[in-house]
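The values are calculated or read from the model by the stated rules, or taken from the named source; none is laboratory data. Computed from a predicted structure; not experimentally measured. Ideal geometry is used to build each Cβ from the backbone, glycine not excepted, and the neighbour counts take in all protein chains shown. To get the accessible areas, we keep the full protein, side chains included, count just its heavy atoms, and leave off ligands, DNA and RNA. Shrake-Rupley method; radii C 1.70, N 1.55, O 1.52, S 1.80 Å.
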Amino acid sequence: MNTAIVPGSLSAIARQENKSIAETFVNVDLVVIVDTSGSMFTHDSRGGKSRYGVACEELTQLQNAHPGKIAVLAFANGTIFCPSGVPTYLGGGTDMAGALQFAKIADVPGMQFILISDGEPNDEQETLAVAKTYRNKISTIYVGPEDQPAGREFLRRLAAATGGQTVIADRANLLADKITTLYLPG
């Protein structure tokens, strides 16, 4: 289990300011929901690293650039809050509907959501149904292989269902840049 704390993460800011995680969460304006299912461990990203590994590297850069502003959730068969800024690798299936239901508690005015995945949820219809209940937009970043258009197309439909945008991060390369494209700090 990774116990690292990313500089700029909610845990790092809480320690730095001697506050609780809950107190630091009030300054969050972006929730990044990261797919950490089994397929995200595919080693087809830069330097032969896994999609998950590169996503973690890029999220680290992003949290450094926007300290205390980003909450990270990891999901596979279940969903967990990752205040350390490192999305926990869970393996298993892709309960994207469950992840969106878990994150819905943060669906307050002004919050932004970005879902990072290779786009193949356990249940597409249920995932879209949950997404349509959001008040805020959900933008998506596709990190799967170019030769799997079904995942990319599903994430486009999910973003469109909420008025969000979708971008493609070539197998998780330059993910921080893609998130910055979608993220407008408040």
Exercise. Residues in region 99-116 that are touching a helix residue (DSSP H, G or I) at 6+ places or on another chain (Cβ under 8 Å) and either assigned to a loop (DSSP other than H, G, I, E, B) or open to solvent by 20 Å² or more (accessible area, probe 1.4 Å) (or both): how many?
Worked result: 3
Exercise. Scanning region 147-166 for residues that are in a loop (DSSP other than H, G, I, E, B) and over 17 Å from Asp35 (Cα atoms), which turns out modelled with the lowest pLDDT?
Worked result: Asp147
Exercise. What residue, of Asp123, Asp147, is out of contact with any strand residue (DSSP E or B) (no Cβ under 8 Å at 6 or more places or on another chain), open to solvent by 50 Å² or more (accessible area, probe 1.4 Å), of a type in the set (Asp, Glu) and closer than 18 Å to Ser45 by Cα?
Worked result: Asp147
Exercise. Which residue pairs have Cβ atoms closer than 8 Å, lie 6 or more positions apart in sequence or on different chains, and pair a first residue in region 31-47 that is over 11 Å from Ala76 (Cα atoms) with a second residue that is basic (Lys, Arg) and open to solvent by 40 Å² or more (accessible area, probe 1.4 Å)?
Worked result: His43/Lys49; Asp44/Arg171; Ser45/Arg171; Arg46/Arg171
For this session: Return the total of residues in region 124-146 being of a type outside the set (Val, Ile, Thr), at pLDDT below 95 and over 12 Å from Ala161 (Cα atoms).
Result: 4
Exercise. Has region 12-27 got any residue that is within 15 Å of the chain's Cα centre (by Cα) and not aromatic (Phe, Trp, Tyr)?
Worked result: no
Exercise. What strands (runs of 3 or more DSSP E) completely inside region 1-98 contain at least 2 residues that are under 16 Å from Phe113 (Cβ atoms), at pLDDT 95 or above and open to solvent by less than 10 Å² (accessible area, probe 1.4 Å)?
Worked result: 30-35, 70-75
